[in-house]
Amino acid sequence: MQPIGLLIEFKGGQIKPANFGMATAARAENRQLVALVVDTPANDAKAALEAYGVTRVVNIRTDSNGWNPAVHAAAVVAAMQENGITTLIGLTSPTGRELLPRVAARLDAPLVMDCIDIDLDAHRVKTSQYSGKTIATISMTGSHFIYGMRANVVAPEEAPAAAEVIDFPFAADQGSGFEVIETRTDGSGSQHLAESDIIISGGRGLKNAENFKLLFDCARHLNAAVGASRVAVDNGWVPYAMQVGQTGVKVNPKVYMAVGISGSIQHFAGMKTAKTVIAINTDAKAAIMANCDYFVVGDLFDILPALEKALASVKR
Ligand SMILES: Cc1cc2nc3c(=O)[nH]c(=O)nc-3n(C[C@H](O)[C@H](O)[C@H](O)COP(=O)(O)OP(=O)(O)OC[C@H]3O[C@@H](n4cnc5c(N)ncnc54)[C@H](O)[C@@H]3O)c2cc1C
């Protein structure tokens, strides 16, 4: 059985749901799924991981005081070596972007981030390039393989298994040379875009920062994340972490709502794989209107309050 390492991420003490899609994608008869859990009580996670076919949970405990990507990457590499893991899959999330390249560098291994399809036997992946205009197929060679998956590209499917939990204490030898002095949240108050099933994004049509409240009000009822076009970010209305597009986050939600966004090529590059796109725009000829599943021609300042009222009246 080939052990496949899954780098597990948590939010608010819970495993991020996108990890279960990752486990589903990695599962095969000839493989053993090994979850690597760093500095989080793995016993709590065991049952959730077992439901998706994980048979070993490695409970990595480092001596770092909180988040430290250098120490955590060294610990992940040590745990991989201890467990005979040559293939590691993580999410293309902020944490994944910090850890996976460090792991790959330590192992001198090839790394592809933002994979939308992974063939673990052939070491071949698909990832979008050139603003999503082409899909590249990349073959990797080496002794180790590191993959960053785009969240939500594979729907989680349960396959219950029994898992053992192994403790793996790790002490960084001579210190990491890396100290986290301060951590600030992005201020968006929103869940991370790439992992959300529903995203409501706003653009220049929102006119200012305050009006983004209209989007957050609707998003709350749908457990949705709020995104933005680059114009909204460049104007300082919302933080960069909310930008969707070529130079922002690439998302793959079930529903993407573009409000007051024209639908530039660069914006599409970040959301074109959304399953359903809904646009709200005053201009029936805006590019987004020709490239969406549903649209409303109208003023967002009329539509969003009405939508919020309708959503609030729905019993869940
Ligand atoms: C190298 C490069 C990288 C880039 N990367 C990105 C990126 O990652 N993400 C990104 O988004 N952009 C990116 N851009 C910028 C991109 O080209 C566009 O300028 C930007 O996407 C436009 O944002 P927008 O749709 O909000 O604004 P606009 O194009 O100005 O569109 C605003 C829309 O709002 C509508 N509207 C106005 N008022 C209302 C109302 N009251 N109700 C309803 N609708 C209304 C208008 O009809 C219009 O369609 C990049 C550009 C370059 C050159």
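Data table
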| quantity | calculated |
| --- | --- |
| Fraction of antiparallel bridges per DSSP, the chain only, in percent to nearest 5 | 20 percent |
| Axial C-alpha extent at least 20 Å, average Kyte-Doolittle at least -1.0 - helices from the chain (DSSP) | 94-107 |
| Antiparallel bridge percentage (DSSP; both residues within the stretch 2-170; nearest 5) | 30 percent |
| Neighbour-count ranking [beta-carbon atoms within 10 angstrom, fewest first] of Ile200, Ile181, Ile166 | Ile181, Ile166, Ile200 |
| Under 18 Å from the Cα of Lys254 - aspartates and glutamates, other chains or at least 8 residues apart | Asp114, Asp117, Glu157, Glu195, Asp197, Asp293 |
| Highest-MSF residue in the chain out of Arg61, Arg106, Arg184 [GNM, Cα springs under 10 Å] | Arg184 |
| Beta bridges by DSSP in the stretch 193-313, antiparallel share as percent, to the nearest 5 | 0 percent |
| Long pairs among Lys207/Lys272; Lys46/Lys275; Lys133/Lys250, criterion Cα-Cα beyond 21 Å | Lys207/Lys272; Lys46/Lys275 |
| Overall Cα dimensions of the stretch 2-156, principal axis frame, Å, largest first | 42, 31, 29 |
| Exposure proxy ranking, count of Cβ atoms within 10 Å, fewest first, for Met257, Met113, Met271 | Met113, Met271, Met257 |
| From the C-alpha gyration tensor of the chain, square roots of 5λ in Å | 37, 20, 19 |
| Taking the stretch 60-176 and dividing mean pair separation by its residue count, relative contact order in percent (alpha carbons under 8 Å, at least six apart) | 34 percent |
| Fewest-first ranking of His221, His192, using other Cβ atoms within 10 Å as the exposure measure | His221, His192 |
| GluC sites (Glu not before Pro) restricted to the stretch 1-99 and DSSP loop, no more than 10 other C-beta within 10 Å | Glu29 |
| Restricting the stretch 114-151 to trypsin sites (Lys or Arg not before Pro) in coil, as DSSP defines it, with at most 14 other Cβ within 10 Å | Lys133 |
| The stretch 193-313: relative contact order in percent, alpha carbon pairs under 8 Å with at least 6 residues between | 25 percent |
| Mean separation of Cα contacts under 8 Å (6+ apart) over length of the chain, as relative contact order % | 15 percent |
| Estimated 222 nm signal from helices in the chain, with DSSP H stretches of n ≥ 4 weighted -39500 (n - 2.57), rounded to 500 | -8000 deg cm²/dmol |
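Rule-based calculations on the coordinates, nothing more; no lab input. None of these values were measured; they are calculated from a predicted model. FYI the Cβ positions are ideal-geometry reconstructions off the backbone, even for glycines, and counts take in every protein chain you see.
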